[in-house]
Ligand SMILES: Nc1nc2c(c(=O)[nH]1)N=C([C@H](O)[C@H](O)COP(=O)(O)OP(=O)(O)OP(=O)(O)O)CN2
Ligand SMILES: [Zn+2]
């Protein structure tokens with residue numbers, strides 16, 4: 001089994017809902033995003049999936065979040081835009097885009113600082 005991982009990032013504003021403390025107020029993060037996929041098969045070039053495709057599709061998705069107020073976006077209208085919920089949202093969207101009989105999105109990890117991250121996997 002092969003695991004392929006890419007790192008990328010986006011910047012956005014949010015506030016946690018149903019939360020008491022500083023983070024219920026509007027603030028922002030430069031989130032780092034790590035996407036891992038697994039595959040058993042390699043193509044003739046020896047690639048599970050081209051990193052370029054992995055980065056391009058992830059970055060296209062992240063553009064919909066970048067420099068936005070997350071609480072105003074459809075995925076987070078009724079779901080608090082915590083790092084956990086962002087990771088789960090990205091996991092499901094990337095599975096729709098990249099998932100196949102050969103490639104499984106294994107895990108999405110979202111770092112909201114250098115010291116704190118949430119991962120989602122199934
Ligand atoms: N499990 C989670 N806990 C917290 C989340 C989260 O998404 N998942 N998010 C927040 C807030 O968004 C907040 O912005 C966290 O920022 P952070 O820099 O960690 O907070 P502080 O600056 O207060 O960090 P200290 O290390 O305590 O100074 C909170 N929790
Ligand atoms: Zn925050």
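What follows draws every value from the coordinates through simple rules; no lab data is involved. These numbers were taken from a predicted model, which means no experiment stands behind them. Here the Cβ is made from the backbone with ideal geometry for all residues, glycine too, and neighbour counts use every protein chain on show.
Residues in the stretch 29-60 that are surrounded by 13 or more Cβ atoms within 10 Å (Cβ to Cβ) and part of a strand (DSSP E or B): 10 in all.
A quick yes/no check of all residues on (1) out of contact with any strand residue (DSSP E or B) (no Cβ under 9 Å at 6 or more places or on another chain); (2) within 13 Å of residue 37 (Cα to Cα); (3) in contact (Cβ under 8 Å) with a residue 40 or more places away in the chain:
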residue: 56; (1), (2), (3): yes, no, no
residue: 65; (1), (2), (3): no, no, yes
residue: 72; (1), (2), (3): yes, no, no
residue: 76; (1), (2), (3): no, no, yes
residue: 79; (1), (2), (3): yes, no, no
residue: 82; (1), (2), (3): no, no, yes
residue: 85; (1), (2), (3): no, no, no
residue: 91; (1), (2), (3): no, yes, no
residue: 103; (1), (2), (3): no, yes, yes
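Looking across the stretch 96-114, the residues that are crowded, with 17+ Cβ neighbours inside 10 Å and farther than 15 Å from residue 3 by Cα come down to 110, 111, 112. Considering the stretch 82-97, the residues that are in a helix (DSSP H, G or I) and within 24 Å of residue 26 (Cβ to Cβ) include one that is nearest to ligand 1 (Cβ to nearest atom), namely 83.
Criterion first (touching a strand residue (DSSP E or B) at 6+ places or on another chain (Cβ under 7 Å) and within 17 Å of residue 7 (Cα to Cα)) does residue 121 satisfy it? Walk me through it before giving the result.
Values: touching a strand residue (DSSP E or B) at 6+ places or on another chain (Cβ under 7 Å): yes; within 17 Å of residue 7 (Cα to Cα): yes.
Considered against the rule, which asks whether it is touching a strand residue (DSSP E or B) at 6+ places or on another chain (Cβ under 7 Å) and within 17 Å of residue 7 (Cα to Cα), residue 121 comes out as yes.
Select from the stretch 1-28 the residues that are away from ligand 2 (no atom under 11 Å from the Cβ) and under 15 Å from residue 87 (Cβ atoms) and write down the one among them that is surrounded by the most Cβ atoms within 10 Å (Cβ to Cβ).
Taking the stretch 1-28 first, the residues away from ligand 2 (no atom under 11 Å from the Cβ) are 1-11, 17-18, 20.
Narrowing further to those that are under 15 Å from residue 87 (Cβ atoms): 5-10.
On the way: 5: 13, 6: 18, 7: 12, 8: 15, 9: 14, 10: 23.
Residue satisfying both the conditions and the ranking: 10.
Within the stretch 16-28, how many residues are within 18 Å of the chain's Cα centre (by Cα) and without any contact (Cβ under 8 Å) to a residue 60 or more places away in the chain? Reasoning before the result, please.
Just the residues of the stretch 16-28 that are within 18 Å of the chain's Cα centre (by Cα), to begin with: 16, 28.
Retained after the next criterion (residues that are without any contact (Cβ under 8 Å) to a residue 60 or more places away in the chain): 28.
Total satisfying the criteria: 1.
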